[in-house]
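Each remark here refers to the structure printed beneath this line.
Every number here is computed from the coordinates shown, using simple stated rules; none is lab data. Nothing here was measured: the structure is a model prediction, and the numbers come from that model. As a convention, Cβ positions derive from the backbone with ideal geometry for all residues, glycine included, and neighbour counts pool all protein chains shown.
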Amino acid sequence: MSQTENLFSQRTAITLVIANMVGTGVFTSLGFQLLDIQHAGIILLLWLIGGIVALCGALCYAELGAALPRSGGEYSFLSRIYHPAAGFISGWVSVTVGFSAPTAAAAITAATYLRSVFPDLAVVPTSIALVAAIGAVHFGSRSGSSAFQQTFTAIKIVLILAFMALAWVQVGTLQTLEWVPQLSDLGLMGSGGFAVALIYVNYAYTGWNAATYLSGEVRDPTRNLPRILIIGTAAVTALYLALHVTFLSVAPMEAMAGKVEIGYVVADYAFGSTGAALIGGMLGILLVSTVSAMLLAGPRALQVMGQDIAPLKVLARTTASGVPAIAVAVQIALTLLLIITSSFEQIIVFSGALLALNSLLTVIGALVLRWREPNLPRPFVMPWFPLPMIVYSVIILWTLIYLVGERPVEGLMALALIVVGGLVYWVTQLGKEPR
């Protein structure tokens, strides 16, 4: 097998983006949003804005990824654009929070849903077994990882589409809703409730940048990466809008407000209690794809950090087929630790803010790189520059400022994690000759 044939295809990378994005967020966020916003049109507008923000970010990342086609995601981008310390802290955040915490959350959520079909299942052991089994797949060849990822992402999409179709057919009476906001309703967009809801939405869209973590392992990345990011993000935006039209049409807002198990609630109204249990099992199966995608992308940031930083070089070791096995093992170990201790519950609160900050610095970095290296070949140039960068930056900065003001404890926790990352980087540089 040639080196080119051993690389990930464009299709695999698109499924990776979709699988990373469609996780627990879209099936849990609506309940929190309905506590402050009881208007179907504003809810859909909220998810449309989230999709536009993600697409704007994807356009910026597409320019960077095509110009700097190296695996590692924000770690590689920020190291090149700003300073290796910025890249290291970014990688530190991605590994400790960006992948491990959501992977643990997805595994536990999957196990919880599966228990609706098999009541005797214990959540923590099932979560551990799920992560270990999927991790074992990614220890093998890239072709095996690709086949597994494509298969379970296809299953995920089919199950979601089937759920929506059956819900529309089975529900007795659709909810009476206002889908077009009136001018008086648009005042909700400036409210604190809208800002909080947008934080949840942005978290649900997290993962649109997943393909940049293995740019160096994708066939012809300068040509394919922009397509991968844009197609994957646009597909998920359409899917999210369709899901929320279904949720709001099938179940009353009052029944969903404040609830985490939105899938259960909607399925109960559409299919009854027995059907709701089966839908729970379906949701558990589709989250296998999410766990897989995160265990596939996350170790690539560790691998590239190992290539650049001598004390961490063990993380760069690969198998004969090019798989960073030690990095995969570390990612699995961190995820299992969070599952066993359940500490991910606190981490997940501020992980969205940290990941948003990571992406914000990277999106702004597209402008910085143009200024610092104007002659760098750019196979893909973001359209409508600088509009995508401005839209993404303004909205993300607004939500971050609001979050820090309203949740100072989480803000301090995020700052502490960044400081620890800086200290770890400083330790790795001790005794190193300055360049």
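Which of the trypsin sites (Lys or Arg not before Pro) found in the stretch 347-433 are in a DSSP loop and have at most 12 neighbouring Cβ atoms, other than their own, within 10 Å?
Lys432
Please provide three numbers in whole Å: the alpha-carbon extents of the stretch 301-390 along the principal axes, with the largest listed first.
Largest first, the stretch 301-390 extends 46, 38, 23 Å along its Cα principal axes.
In a Gaussian network model over the chain where Cα atoms closer than 10 Å are linked, find which of Thr233, Thr15, Thr399 has the largest mean-square fluctuation.
Maximum among the listed residues: Thr399.
Under the rule that an exposed site lies in a DSSP loop and has at most 11 other Cβ atoms within 10 Å, name the longest stretch of the chain with no GluC sites (Glu not before Pro) of that kind, not counting the sites themselves.
179-435
For the stretch 358-401, what is the Kirkwood hydrodynamic radius in Å, using each pair of distinct C-alpha atoms?
Its Kirkwood hydrodynamic radius stands at 11.3 Å.
With r defined as the distance between the Cβ atoms of Trp426 and Val314 and R0 fixed at 25 Å, what FRET efficiency is calculated, to the nearest 0.05?
The calculated FRET efficiency here is 0.80.
Modelling each spin label as a point 7 Å along the Cα-to-Cβ direction, I'd like the Asp36/Leu159 distance in nm, to one decimal.
3.2
Between Ala85 and Leu412, with labels modelled 7 Å along Cα→Cβ, what's the label distance in nm to one decimal, could you check?
2.4
With Rg and the Kirkwood Rh both taken from Cα atoms, where does Rg over Rh land for the stretch 375-435?
Rg/Rh for the stretch 375-435 comes to 1.19.
Roughly what would the spin-label model give for Ala147 and Ala325, points 7 Å off Cα along C-beta, in nm?
1.9
Under a no-solvent Debye model with one identical scatterer per Cα of the stretch 75-223, what's log10 I(q)/I(0) at q = 0.10, 0.13, 0.21 Å⁻¹?
Debye output, listed in q order: -0.63, -1.01, -1.43.
At 0.36 nm per residue, and after removing the present C-alpha to C-alpha distance, how many nm does the segment from Leu387 to Trp371 gain when stretched out fully?
So the extension gain works out to 4.1 nm.
I'd like to verify something in the chain: which complete DSSP H helices, judged by Cα projection on the helix axis, reach 27 Å or more and average at least -0.5 on the Kyte-Doolittle scale?
Helices passing the filter in the chain: 40-67, 142-170, 221-250, 262-308, 344-372, 387-406, 408-429.
GNM, the chain, Cα, under 10 Å: largest mean-square fluctuation among Pro69, Pro311, Pro226?
Pro311
Using the C-alpha atoms of the chain, what convex hull volume per residue, in cubic angstrom, is computed?
139
Determine the gain in length on full extension of the stretch Val404-Leu241; use 0.36 nm per residue of separation and subtract their C-alpha separation, reporting nm with one decimal.
Net length gain for the segment: 55.8 nm.
Given the Cα-Cα distance of Ala333 and Val419 and 0.36 nm per residue of separation, how much length would full extension add, in nm?
28.7 nm
Could you line up His39, His83 from fewest to most neighbouring Cβ atoms inside 10 Å?
His83, His39
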